[in-house]
2 protein chains.
Amino acid sequence: MNSMHIGWIGTGVMGNAMCGHLIDAGHQVHLYNRTRKKAANLIARGARWCDTPREVAQRSAVVFSIVGAPHDVEAVLLGDDGVLTGARKDTVVVDMTTSSPDLAAMVYEQARKKGVAALDAPVSGGDVGAREATLAIMVGGDPEPFEKVKPLLALLGRHIAHMGATGTGQHTKMCNQILIAGTMIGVVESLLYARRNGMSLDAVIDVIGQGAASSWAINTLGRRIAQGDFDPGFYIRHFVKDMGIALAEARRMNLSLPGLALVHQFYTAAMAQGGETMGTQGLYQVMARFNNLVE
Amino acid sequence: MNSMHIGWIGTGVMGNAMCGHLIDAGHQVHLYNRTRKKAANLIARGARWCDTPREVAQRSAVVFSIVGAPHDVEAVLLGDDGVLTGARKDTVVVDMTTSSPDLAAMVYEQARKKGVAALDAPVSGGDVGAREATLAIMVGGDPEPFEKVKPLLALLGRHIAHMGATGTGQHTKMCNQILIAGTMIGVVESLLYARRNGMSLDAVIDVIGQGAASSWAINTLGRRIAQGDFDPGFYIRHFVKDMGIALAEARRMNLSLPGLALVHQFYTAAMAQGGETMGTQGLYQVMARFNNLVE
């Protein structure tokens, strides 16, 4: 693959690691981030700073974005100094933020009017997956731009799936988060039951983490709960945002998801208790307090 | 290990396969089942029929039971012609039914008065695990009888764990079922969301079945849902029984488990809809009807 001019917007924990893989592969990266300091390590490695998302787009054939929430996506892509104001015909814009399928469709439409292609491409796999380039990447949008950026995505992740039309990348990510929500309430309630019985959580996980009840969540986050480790892999604040998008989409489709709604409520309590920057396994502490189960 | 005289009560799908492994290992099995016909294959292989659980106990050094529900356990172990009326001093009684920890404690106490040891030893791994002797077996009770029967349990399963005092085997199984309950609502709601969006369930599972959302349930039962296969691995009827025990125990301990309670309600609706002999993945159909999502 020849060296390309690639735009990158968003150099937080995920974006910073991902952008680094493009630099390592020999591409010329043009980047923008709200806080310049967080991009310093990438600039030191040869990335060029831009003052606006527009400038990023003016210099790049493909522009990636991975920012916080849908309103941030809207600002950097559709805003006054946004990517679409600078993008040339045939530019491909790839938004990797977990964001709303509706917004993905809106970006797609506005881009299309300028001859620009837009893909929604949220990821799964967390900070470790970003660092090790083992992310799962779920892509929605037209096949042609997908094929064009696929070699770049392959630098960032291991499982690259084109799910269908615009928005289907985001919808797939919503399926992922809904699945995690249910699994997490199972993990937490199961371990609360064990703790209330005075059992060793690790001994219980040794058994139930194997067969029909096994999951990544019990074997990874369950172990952290057993060790009293509530540090973030994935922030509660971000998970609450994602569940909120899923619930809004479900409501739009007249789809009742009582399990998701319940879990969202308990994670909202986690936010109320000041847990927004805890890892998602912090739900255990919320439910423990709720049950007056003091560690 | 020398050939022993071993009692076996309960030759349903699970018990039949498990008992067969003891026969294959060269032990003389004495068995009882409510319906004699279901034991015919084992009798043909050399097991001896007994007319009552008492008779089983009179002939055996170790007695296993795996029957339907707690009231069946009570009948075969504590009833008029039950195991404890025939058991000799130093007999070990091993109940492998998923049953209540309270009942396990009662059996333990009544057995102790006669010099008989009792273990609760429910299993996980389903019919496949029973056939292939790969079950997880969670044992509660005293260490001495556990060590005595451990070589026999090793003929039935792969992961044999002594969890602690009487009842802790059952409690561990409850942890397992609580974990499955949460995971199942996640699986079902995730796939409903995908279906409502017109997405291929298999394509979605290909992605979300890998990373932080991965579980045995999504990759095994999710695949069956995608194929429209609702045949039982594990009956809804049995799962509802198990969740009922877990909820009763949680109530006794003043432990609020809202996720489990919600899932139990939806599986109760599955029973109302005639799904008691469907596999647990049948929850998908219940929630699909609830959402007027016709396949």
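The values are calculated or read from the model by the stated rules, or taken from the named source; none is laboratory data. As the structure is a computational prediction, the values presented were derived from the model and not from experiment. Note that each Cβ is placed from the backbone with ideal geometry, even for glycine, and that neighbours are counted across all protein chains shown. Ligands, DNA and RNA are excluded from the accessible area calculation, which covers all protein heavy atoms including side chains. Shrake-Rupley method; radii C 1.70, N 1.55, O 1.52, S 1.80 Å.
Things to note:
- Protein accessible area in the protein assembly as shown, 1.4 Å probe - carbon and sulfur %: 49 percent
- Euclidean distance between Cα centres, segment A:64-86 to segment B:241-295, Å: 43 Å
- Largest accessible area first, the listed residues A:M106, A:M199 line up as A:M106, A:M199 when surface is computed with a 1.4 Å probe on the assembled protein chains.
- Remark on segment A:208-234: accessible area falls by at least 50 square angstrom from chain-alone to full-complex state for A:I208, A:A212, A:A213, A:W216, probe 1.4 angstrom.
- Rg/Rh for chain B, where both radii come from Cα atoms and Rh is the Kirkwood radius: 1.01
- Whether segment B:5-165 is rounded, prolate or oblate, judged on the alpha carbon gyration tensor where a/c under 1.5 counts as rounded: rounded
- Student exercise, segment B:28-110 dipole from Lys, Arg, Asp, Glu Cβ charges, in Debye to nearest 20: 580 debye
- Accessible area that becomes buried as B packs against A, both chains, 1.4 Å probe, Å², nearest 100: 4700 Å²
- For chain A, the dipole from Cβ point charges (+1 on Lys and Arg, -1 on Asp and Glu) about the Cα centre works out to 360 debye, to the nearest 20.
- Spherically averaged projected area in nm², based on the convex hull that wraps the Cα atoms of segment B:171-290: 7.3 nm²
- Candidate residues A:H5, B:H162, B:H171: accessible-area rank, largest first, probe 1.4 Å: A:H5, B:H162, B:H171
- A straight chain from A:D206 to A:S256 at 0.36 nm per residue would run longer than the Cα-Cα distance by 14.5 nm.
- Under 5 Å, built H, 5+ apart or other chain: amide partners of B:V94: B:V63, B:F64, B:S65, B:L119
- Calculated [θ] (222 nm, deg cm²/dmol) that DSSP helices of n ≥ 4 give over chain B, each run adding -39,500 (n - 2.57): -14500 deg cm²/dmol
- Modelled label reach - A:V128, point 7 Å along Cα→Cβ, segment A:148-162 residues with backbone N closer than 20 Å: A:156-160
- In segment B:80-177, the C-alpha radius of gyration followed by the widest Cα-Cα span (Dmax) gives 12.9, 37 angstrom.
- For the protein assembly as shown, the alpha carbon positions stretch 88, 46, 40 Å along the principal axes, listed from largest to smallest.
- Normalised alpha carbon radius of gyration of segment A:168-229 [divisor 2.2 N^0.38 Å]: 1.23
- For B:T11, distant residues with modelled amide H under 5 Å away: B:R34
- Summed over the residues of chain A and divided among them, the accessible surface reaches 38 Å² per residue at a probe radius of 1.4 Å.
- A:D231 contributes an accessible area of around 100 Å² to the protein surface, as traced by a 1.4 Å probe with all chains present.
- Here the contact order of segment B:5-165, divided by its residue count and restricted to Cα pairs under 8 Å and six or more residues apart, works out to 20 percent.
- Only Lys, Arg, Asp and Glu carry charge here, each on its Cβ (+1 for the first two, -1 for the last two); on that basis segment A:5-165 has a dipole of about 500 debye about its Cα centre.
- Residues whose placed amide H lies under 5 Å from that of A:G164, excluding near-sequence neighbours: A:G141
- Pairs from A:K37/A:K89; A:K89/A:K150; A:K89/A:K241; B:K37/B:K241 whose Cα-Cα separation, in the structure shown, is over 28 Å: A:K37/A:K89; A:K89/A:K241
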